[in-house]
1. What FRET efficiency do you get for residue 27 and residue 116 if R0 is 41 Å and r is their Cβ-Cβ distance, rounded to the nearest 0.05?
2. Please give the contour-minus-distance gain from residue 173 to residue 189: 0.36 nm per residue of separation, less the Cα-Cα distance, rounded to one decimal in nm.
3. What's the carbon and sulfur percent of region 63-221's accessible surface, probe 1.4 angstrom, rounded to a whole number?
4. If r is the Cβ-Cβ distance from residue 212 to residue 92 and R0 is 35 Å, what FRET efficiency results, to the nearest 0.05?
5. Sort 36-48, 169-181 by the packing proxy (mean of other Cβ within 10 Å over each peptide's residues), most packed first.
6. Report the full-extension gain for the segment residue 69 to residue 205: residue separation times 0.36 nm, less the Cα-Cα distance, to one decimal in nm.
7. Once the whole set of protein chains is in place, how much accessible area is left on residue 53, using a 1.4 Å probe, in Å² to the nearest 10?
8. So, counting K/R as plus one and D/E as minus one, what does the shell of residues with Cβ under 13 Å around residue 162 add up to?
Amino acid sequence: MTAVVLGGLAVAPASATPVEGGHGSAELCRTAPQVPARISIDAFSKDVAVGLDRCGGTDEYLLDLAGPRGIRTAVLVPEGATSTGTWEVGLEYPVGRWTFSGDLDQDPDVEVAPVTVALKYGARASLRGSRSGDDVTLRVQASYYDASKASFQPLRDRKATVEILGKDGRTWQYLRSVTVPGTGLIDYTFTNRYAATYRVTTWETPYIWSRTSQAVTVPGR
């Protein structure tokens, strides 16, 4: 197991709940780690805030992180009324599902509920629009974070969906799906004489999160 010390970083934790009938005492304190359910890996190392309510006089929590590469042990040290810390997500944490769980041996009166987070690589998506007569051209650009190169690379051979904003100004409607080539750029040209607003969303994969671009408006002819 690898020991990971979580240093102090303020984060809003969940409430610790005392429950009667604990192990060896009148009360069992139940709590759960506060950590995002979805984490996007978009840098060589990323600090993720983790919080946990302090139960009584607990000096520290030993948390197990179980995932694709086995189990690692994290130590969360209380600061004041709450435990707060930083989980440094790096290469030792590959994409997949990681579950925080408590070690009851540390204190039989504390129960730490398991919490699972999903790690995937982050993506980027952008859209540019232009007009030539009655034709509109949308340039789609998409990339994803490649941990092996520690940089964003073209999202080649992956799908993205282009949408148009409906007349109600709220509902997005399907226009077309495109496949991003090795360059990470693709142009989609179609006929539309009228002003319209568009956006593009890359498809989520088992290893990469989806990403939606900012909306762009192409004026009418």
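The values are calculated or read from the model by the stated rules, or taken from the named source; none is laboratory data. Computed from a prediction, not measured in an experiment: that's the story for all the values here. For neighbour counting, all protein chains shown are included, and Cβ atoms are generated from backbone atoms with ideal geometry for every residue, glycine included. Ligands, DNA and RNA are stripped out before the accessible areas are found, and what is left, the full protein with its side chains, is counted by its heavy atoms. Shrake-Rupley method; radii C 1.70, N 1.55, O 1.52, S 1.80 Å.
1. Working: r = 27 Å, r/R0 = 0.65.
The pair residue 27/residue 116 has a calculated efficiency of 0.95.
2. Working: separation 16, 0.36 × 16 = 5.76 nm, distance 1.71 nm.
Result: 4.1 nm gained on full extension.
3. On the way: 3880 of 8300 Å².
After summing per-atom areas, the C and S share lands at 47 percent.
4. Details: r = 30 Å, r/R0 = 0.86.
Calculated transfer efficiency: 0.70.
5. Numbers: 36-48: 14.6, 169-181: 13.1.
Result, highest mean Cβ count within 10 Å first: 36-48, 169-181.
6. Values: separation 136, 0.36 × 136 = 48.96 nm, distance 2.01 nm.
Here the answer is 46.9 nm.
7. So the heavy atoms of residue 53 present about 20 Å² to solvent.
8. Values: positive: 128, 139, 159, 176, 199; negative: 163, 187.
Charge balance near residue 162 sits at +3.
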